[in-house]
Structures are given as C-alpha cells and as structure tokens.
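As structure tokens, the structure follows; a few thoughts come after it.
The values are calculated or read from the model by the stated rules, or taken from the named source; none is laboratory data. Computed from a predicted model, the values in this text were never measured in an experiment. All Cβ positions, even for glycine, are placed from backbone atoms using ideal geometry, and neighbour counts span all protein chains on display.
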C-alpha cells in the first residue's frame, strides 16, 4: 500500500485540527497516523502546527488588559443612560 | 467575601440590583473590548461597541434565559454590534463573512506552504512584540468572522462550542475557520521572518 492510497498530504493537513481534537472516526484516524508514519514532511508540519497554536494561545493569555479608564468610561456612560447605582448602605448606625 | 458567580450576578440584576450590573461590567469589559478591537481595529469604535453592548444587555436582561452563559450572550451582542459597524463602513460582504481561501494573503501563503520545510522554529527567534505585530497584520487581512473565531478560540480560550454560540456559527464552521487562520499564520510567520521563505 502506498502513502497516496491512504491520504495525500493536502488531505492530512486539512484534517489536522479534527485529528488533534480527536474528532475523526477510528478508521480515518488509523489512516491518518499511517500517513504520518510514512511522511516526515507531514510529521514536521503537524509539530509546527501544534507549536504555533500554543504560541498564539500563550500570547493571548499574556495580553495586556485594556486600560482601566475604559471600564470607568463605560460605567459613566451607563450611569447617564440608565441611572447610577444606589450608594452603598451605611450599616454602622 | 466569596465572589458571586456570573449567574448569581445576573439573578441579582434581574431582581433590580443595579450595582450587580456594574460588577458584571467590570468583569466582562476586557474580553468584550478585545473582541471588538480585533473586529474594528481601533480603540474608539471598540469602546463605543462595548458601551452599546452593555446598555443593550441591561435593557434586555429580563429576556436573557438561563440556558446560555451570560458571557456568551454578551459576546454575541458585541459581535453583532461590531458587524453592524463594519457593514456601515463597507458594502463588500466578503470582508465580513467571506471565505478566507479567497483572500489575497491566503493565495500568497499557499506558495509558502508548498515550499517550506517546517523543521525550523522561527518563533524561537522572535520577541513577543514581533509575533503580536505579525498576528495583528495578518488578521487584518481576513474576513471579520475568521478574526472573531481566532480571537475567541486561540486568544481568549473559548471552546469551539462557546465560540459557535457567541458567533451564531456551527461548531464545524468554527473549527474550519480556526484551522485556516492557523495555517495562514504559519505561512505568514515563515514568509515574514525567513529571508528565503523557508524554501527547502
């Protein structure tokens, strides 16, 4: 059996995300793995795909929060449109 | 004192607790702002969309059911408001809901994919600001819905199901768009950082 009889590289690259998330049926998964076994370029591609996705996710987690004054601006906007929240109750008396 | 869950805040808002709504705003402002900024590309429009989103949410809170998470509902409002603004800017529907494969940047990336040996790891040599620059510049060239999918899935960590609910897409459509954007970014990182284009 040749590699092309299993999947070609373009097909494998189309299925990558579904493969990583365990969303392809068993038979397809076996063919997919067999292709990877026989195809070093696709193995490297999969490794790069995984690594880069992790890079972007890490970048997202490290993103600076927006400036706090934007939250205050929004709260002020809402106060003018729907009224301010009542002042906190003074329970000390 | 333990922090109320979002569901508890919603219950308090529905019961007329105005301060609970401000707490919800503080909690959710950042993530909505990031989505709006990614879609609209500038601070002022993003901030206005976030303000309008919270106003609409407050006015519609009584109609909000218990089945969805309030954050997903807020994302959906913000996404629709941002898309409304984009429609005012352009009559080109592709810029909003088009297929990524029809983008010029995608066609260019196909060559990189064909020629690259993916053994090397260009990100190792890039600082965070460079990666962020490539990310921002690349996403600006893809349809808005693809930008939103990537922002929610790979930047804010939502699941495909949550992103699908927020954006009114099927889970399958979210995965296909996410996969395409990831592939595009692979090619763009390589093209912009490797003088040889990563050719074998």
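General observations
- Summed over segment B:67-84, residues that are surrounded by 18 or more Cβ atoms within 10 Å (Cβ to Cβ) and either farther than 30 Å from residue B:8 by Cβ or not assigned by TED's automatic domain parsing to the domain that holds residue B:47 (or both) total 1.
- Test: residue in segment B:57-64 that is surrounded by 15 or more Cβ atoms within 10 Å (Cβ to Cβ) and modelled with pLDDT of 95 or more: yes
- Filter pass, residue B:83 being closer than 25 Å to residue A:20 by Cβ, assigned to a helix (DSSP H, G or I) and touching a residue at least 12 places away in the same chain (Cβ under 8 Å): no
- Meets criteria (surrounded by 12 or more Cβ atoms within 10 Å (Cβ to Cβ), modelled with pLDDT of 95 or more and within 8 Å of chain B (Cβ to nearest Cβ)) for residue A:59: no
- Selection of segment A:62-82 for residues being under 21 Å from residue B:57 (Cα atoms) and either touching a strand residue (DSSP E or B) at 6+ places or on another chain (Cβ under 7 Å) or facing another protein chain (nearest Cβ under 7 Å) (or both) yields A:66, A:70, A:71, A:73, A:74, A:75, A:77, A:78, A:81, A:82.
Yes or no, residue by residue, for (1) within 20 Å of the chain's Cα centre (by Cα); (2) free of Cβ contacts under 8 Å to residues at least 12 places away in the same chain; (3) surrounded by 18 or more Cβ atoms within 10 Å (Cβ to Cβ):
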residue	(1), (2), (3)
A:11	no, yes, no
A:16	yes, no, yes
A:21	yes, yes, no
A:25	no, yes, no
A:40	no, yes, no
A:68	no, yes, no
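- Note on segment B:1-46: among residues that are more than 16 Å from residue A:79 (Cβ to Cβ) and at the interface with another protein chain (Cβ under 9 Å from one of its Cβ atoms), the one that is surrounded by the fewest Cβ atoms within 10 Å (Cβ to Cβ) is B:43.
- Selection within segment A:11-49 - within 25 Å of residue B:160 (Cα to Cα) and not in a helix (DSSP H, G or I): A:21, A:22, A:23, A:24, A:25
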